[in-house]
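Structure, as structure tokens:
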Amino acid sequence: MRKPIVAGNWKMNGNRSLVSEFSSLMHGVDADAVDVIICPPACFLGSFVAPDFALGGQTLSELDNGAHTGDISAEMLKEFGCRYVIVGHSERREDHCESNALVAAKALKAIESGLVPIICVGESLATREAGELEGFLAAQLDALTVSLTAEQLSKTVIAYEPIWAIGTGVTASPEQAQDAHAFIRGHLAKFDANVAANIQILYGGSVKADNAEELFAQADIDGGLIGGASLKVDDFRKICQAAG
Ligand code: 13P
């Protein structure tokens, strides 16, 4: 039985007053039915006062510490109460040239440090239209399975985020999303069937309060990674309720 997760990725948005609004996030959300995570910019992690949801970072360094200006370590995230960290978001893959190998190294660092990495995969429109969706996803997943043991992979969450659906208002249809999720689970099953059956795979890309339920009803969709709609507490709460 895979427990649904709804994670909010604030990206480079928000401020202290948004943090305060989220103090009431869990009113009306059944915490037994859904795990809720907020991933704010790192500078706001310390502003959440005893949240009754989990906190996550948006990235981490694959290194422990040292002269790496602007980077943030797993231990720093943990010190500010994070249990999760997003790894390999397409915006970081693109803006910061994060390769599949670097994403795997960051995921490994998270796991070794006791954080749960939410590892993002997903294709561009050009890749999908060229009929290369499955090969592209397979390459992203294979970079993980060459670096992680089955036990380590079992301590991760995967997020399928088609790049063409991120921030565009164009959500993948429930069937498109389910097909990609089923492919991901099936591909991971070649590595370890038990891990694949139990790993949570989240969908991300223009999830809104009015389309979440249909997406989350799909057999291989175990919740969502939410961008824009995670910045409005009422909308985000509805999405959490749709998963739970
Ligand atoms: P949107 O929900 O704004 O499309 O963003 C999705 C996303 O990138 C979450 O990580």
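Assorted remarks:
- The residue pairs whose first member lies in segment 119-145 and is more than 21 Å from ASN9 (Cβ to Cβ), whose second member is of a type in the set (Asp, Glu), and whose beta carbons are closer than 8 Å, counting only pairs six or more residues apart or on different chains, are GLU132/GLU123; LEU133/GLU123; PHE136/GLU123.
- Residues in segment 73-100 that are more than 22 Å from LEU202 (Cβ to Cβ) and not hydroxyl-bearing (Ser, Thr, Tyr): GLU75, MET76, GLU79, PHE80, CYS97.
- Number of residues in segment 117-170 that are in a loop (DSSP other than H, G, I, E, B), within 12 Å of the ligand (Cβ to nearest atom) and among the β-branched types (Val, Ile, Thr) equals 3.
- Of the candidates ALA130, ALA138, ALA101, the single residue that is surrounded by 14 or more Cβ atoms within 10 Å (Cβ to Cβ) and either touching a strand residue (DSSP E or B) at 6+ places or on another chain (Cβ under 8 Å) or aliphatic (A, V, I, L, M) (or both) is ALA138.
Residue-by-condition table, conditions (1) in contact with an Asp or Glu (Cβ under 6 Å, 6 or more places away or on another chain); (2) closer than 15 Å to GLU94 by Cβ:
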| position | (1), (2) |
| --- | --- |
| LEU133 | yes, no |
| ALA143 | no, no |
| ILE166 | no, yes |
| GLY169 | no, no |
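- Cβ-Cβ distances below 9 Å connect the following pairs, each with a first residue in segment 218-244 that is at positive phi, a second residue that is assigned to a loop (DSSP other than H, G, I, E, B), and a separation of six or more residues or different chains: GLY223/ARG2; GLY223/LYS3; GLY223/PRO4; GLY223/VAL34; GLY223/GLN200.
- Count of segment 75-102 residues which are assigned to a helix (DSSP H, G or I) and more than 13 Å from the ligand (Cβ to nearest atom): 8
- Criterion: modelled with pLDDT of 95 or more, within 16 Å of the ligand (Cβ to nearest atom), among the hydrophobic types (A, V, I, L, M, F, W, C) and in contact with a Phe, Trp or Tyr (Cβ under 7 Å, 6 or more places away or on another chain) - qualifying residue of LEU55, LEU60: LEU55
- Test for ALA197: is it within 23 Å of LEU153 (Cα to Cα) and away from the ligand (no atom under 16 Å from the Cβ): yes
- The set of residues in segment 220-244 that are of a type in the set (Asp, Glu) and within 12 Å of the ligand (Cβ to nearest atom) contains only ASP235.
The values are calculated or read from the model by the stated rules, or taken from the named source; none is laboratory data. The model shown is predicted, which means the values in this text are computed figures rather than measured ones. Note that each Cβ is placed from the backbone with ideal geometry, even for glycine, and that neighbours are counted across all protein chains shown.
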